[in-house]
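Taking it in order: structure first as structure tokens, then the write-up.
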Amino acid sequence: MSDAAIGIFDSGIGGLTVMRALVARLPDEEFIYLGDTARLPYGTKSGDTVTRYAVQAAAALTKRKVKMLVVACNTVSAVALPALQEMFAPVPVVGVIVPGAEAAVTAAPKGPIAIIATEGTVKGGAYVRAIEDHGRSIPVIQQACSLFVSIAEEGLLDGGIAEAIARRYLDPLLAAVPKPKALVLGCTHFPALKTTIAKVAGPDIKLVDSAETTAKAVEKILREKNIKRAGGKKPSHTFLATDAPDRFARVGEIFLGQPIDPGSVELVDLQS
């Protein structure tokens, strides 16, 4: 099993920030990334629909004999993670919310902690619940930052437009009393804007990148289960999309941080 690939899935391409963090932390591992680009976004769907889609994506990856599943989607992590963990056991299934919440509590054990995410994630309160699970009363404030998704996919990662939008969203958080000590990037698109967000937030606020914290959690599980891939073998990565592989490759480069050959993106049907 140690030589098997790690499966990653998301409703689209934002989860490639998680893959980017995983590749950086685990350079010897092979990854299979699945983006359900035909049915995004998941955040507007019912919980039952999200769970059904997630099960289909996870099943497609387990058919390829992956040794672990990484849910690189906040909506699925909030809604369907327990169902996936039960259904696909003994394959470990890791989401992005719990590692992010744990890192935020470590960074600011007394708070306040600020969460920026999509509207669906904010309304669902998954990060708040994950922080509360630590048994401490930590002040948490949230802000929906939906435009971050659009500008990230347009490649507007820095400059005047990105900074103006960041100030529009972050200024209310920064004006809170007491001021947040940690800021969780609660959407997989947001790490692409990390430099701009850090600039606006200032040096006194610790940024918690859910992609990086998830990569740490994955590495820990690989070591604990003794399924970490040995070095010396050049890894190869596979990309799957349910629609528009050319766009997946073009826009995905922004989030992965390296070119993706459109010819290497395999079109798959999760409902067949």
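Averaging the sequence gap over all C-alpha pairs within less than 8 Å and six or more residues apart, then dividing by the number of residues, gives the chain a relative contact order of 27 percent. Put in order of Cβ neighbour count within 10 Å, fewest first, the listed residues M19, M87, M1 become M1, M87, M19. Look at S236, S11 and count the other Cβ atoms within 10 Å of each Cβ; fewest to most, that gives S236, S11. With contributions of -39500 (n - 2.57) from each DSSP H run of at least four residues, the per-residue ellipticity at 222 nm computed over the chain stands at -13000 deg cm²/dmol. Between (1) 1.04; (2) 0.96; (3) 1.09, which entry matches Cα Rg over 2.2 N^0.38 Å as derived from the coordinates of this structure? Identified label for the calculated read-out: (2). Using a Gaussian network model of the chain with C-alpha springs under 10 Å, which one of E29, E102, E86 is most mobile by mean-square fluctuation? Maximum fluctuation in the GNM of the chain, among the listed residues, is at E86. A simple rule links phi to the HN-Hα coupling: the Karplus curve 6.51 cos²θ - 1.76 cosθ + 1.60 with θ = phi - 60°, which for region 149-166 gives 5, 5, 6, 5, 5, 7, x, 8, 8, 8, x, x, 5, 4, 5, 5, 5, 4 Hz, with x for Gly and Pro. Residues whose amide H comes within less than 5 Å of that of L34, counting only those at least five positions distant or on another chain, are I8, F9, D10, L240 (H built at 1.01 Å from N in the peptide plane).
Name the shape class, rounded, prolate or oblate, that the alpha-carbon gyration tensor gives for region 114-234, where a ≥ b ≥ c are the square roots of its eigenvalues, rounded holds for a/c under 1.5, and otherwise prolate holds if a/b is larger than b/c and oblate otherwise. Note, shape of region 114-234 comes out oblate. Report, to the nearest 10°, how far helix 97-107 tilts away from the longest principal axis of the Cα atoms in the chain, using its own Cα long axis and a range of 0 to 90°. Relative to the chain, helix 97-107 is tipped by roughly 40 degrees.
Every read-out reported here was derived from the displayed coordinates using simple, explicitly stated rules and does not represent laboratory data. Here the structure is a predicted model, which means the values were calculated and not measured. All Cβ positions, glycine included, derive from the backbone under ideal geometry; neighbour counts span all protein chains shown.
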